[in-house]
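Below: the structure, in structure tokens.
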Protein chains: 2
Amino acid sequence: MTSDGIGAAFAPHDHSHCSARALADAAERLASEGARLTPVRRRTLEILLENHRAMGAYEVLDRLAAEGFGRQPPVAYRALEFLVQHGLAHRLQRLNAFAACLHPGEEHQPAFLICDRCDRIAEVPSGPMRAALAEVAAGSGFAVDRVTVEAVGTCAICAEDRG
Amino acid sequence: MTSDGIGAAFAPHDHSHCSARALADAAERLASEGARLTPVRRRTLEILLENHRAMGAYEVLDRLAAEGFGRQPPVAYRALEFLVQHGLAHRLQRLNAFAACLHPGEEHQPAFLICDRCDRIAEVPSGPMRAALAEVAAGSGFAVDRVTVEAVGTCAICAEDRG
DNA sequence: TCCGTCATGTTATGAAGTTACACTTGGCTT
DNA sequence: AAGCCAAGTGTAACTTCATAACATGACGGA
């Protein structure tokens, strides 16, 4: 995780700055992997970054379609899947939704904090949890591949606002 | 967790025995809560117990319909939701599916091990993970309500069978 | 017995995700 | 330069998952 604080996603901050940096990072990372950040893919990532929250595939698709890209589901799903596979976005199981990864390359399987009042999400390190799970799993001979850790609750801002 | 071993769900065992016990427990628990284990609900729980794996709502619905219950989605979804709310079944986010709870009353938010070869699942204690998550979440002022922990991987039996 | 509540059933609809296939593009070979 | 192949983008059609809205039936308490 970066040093900008774990709950930074819930705090007010400069979207345009963090988006621009994330986008630049993404382009660089993909180039070094030989993967192409095509217009649809780039725009999909931008949309996720701009909104800074989890978005459904169809919500993303609507925006893509409005901007002249294809208007059929596979257009969005393919772009989103590409981003997820390259660690630039995450899929949130509880929400059937996707969100841009704010810390690409640092923690590929973070845990998520999902505020059910404002719909914003935060990524937190899941290392300790994954270690604990892998240990208990190993005890029964289960080899863990991928882990999903998603917490639903109330973020500090919403707790303050509405009691 | 019971003392029958964490990975018991992946090991060969007597389904009819554990099903019968789970069913008896369920009836008792519900009675003490004033909730009714009606025919649809009972049969839904039995179906989950018999199969001993995660099942989609429509798969459950097919069986219910074949046995004379309603054949529309809400029939299954309502029964499944009832079971989940009373701690007798779990919803698996990664699979859009449901599974009978094998340890009712003991651990209401277990972690799940999902074998992607045989589709069987196991429940393991999630206490340590939830504690770790709550701690890191508290650091950013996030109050955790519910946590989903689901691991996909390979169970011991499948690892042995297919290398 | 009347009434209210819970439970079950239906139709209809909405939301999420996939399959299959056609066309284009851009790099690589020869 | 021509031809080829793989990757990318687009479409139509469909499956799967889930809920809304409403009617009917069952049961217990006043």
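Throughout, read-outs are computed from the coordinates displayed, never taken from laboratory work. Computed from a predicted model, the values in this text were never measured in an experiment. Here Cβ is always computed from backbone atoms with ideal geometry, including for glycine, and neighbour counts include all displayed protein chains.
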Using a 7 Å Cα-to-Cβ projection, B:Ala159 label spacings across copies, nm, ascending: 3.8
Solution diffusion estimate, µm²/s, Stokes-Einstein, the stretch B:11-100, Kirkwood Rh from C-alpha pairs, 10 °C, viscosity 1.306 mPa s: 121 µm²/s
The protein assembly as shown - Kirkwood radius from inverse mean 1/r over Cα pairs (Å): 21.5 Å
Size of electric dipole in the stretch A:30-163: Cβ of Lys, Arg +1 and of Asp, Glu -1, about Cα centre, debye, nearest 20: 380 debye
Selection from B:Met55, B:Tyr77, B:Leu113 lying farthest towards where the dipole of the stretch B:41-114 points positive, charges on Cβ: B:Tyr77
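Just to be sure I understand: of the beta bridges DSSP finds with both ends in chain A, what percent are antiparallel, rounded to 5?
Of the beta bridges lying entirely in chain A, close to 70 percent run antiparallel.
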Reciprocal of mean inverse Cα separation for chain B (Kirkwood radius, Å): 16.8 Å
Selection from A:Gly141, A:Ala35, A:Gln93, by position along the positive dipole direction of chain A (Cβ): A:Ala35
Simple spin-label estimate for A:Ala66 and B:Cys118 in nanometres, 7 Å along Cα-Cβ: 5.0 nm
Using a 7 Å Cα-to-Cβ projection, B:Pro74 label spacings across copies, nm, ascending: 3.6
Global geometry of the stretch A:107-163, whether rounded, prolate or oblate, following the gyration tensor of its Cα atoms and the 1.5 cut on a/c: prolate
Cβ-placed point charges (K, R +1; D, E -1), dipole of the stretch A:71-117 about Cα centre in debye, nearest 20: 260 debye
Debye intensity ratio in log₁₀ form over the Cα atoms of the stretch A:59-103, taken at each q of 0.14, 0.18, 0.22 Å⁻¹: -0.33, -0.53, -0.76
R0 of 45 Å, Cβ-Cβ distance B:Glu33-A:Arg36: FRET efficiency to nearest 0.05: 0.20
At 7 Å out from Cα toward Cβ: A:His108 inter-copy label distances (nm, ascending): 3.7
Dipole magnitude (debye, nearest 20) for the protein assembly as shown, charges at Cβ of Lys, Arg, Asp, Glu: 820 debye
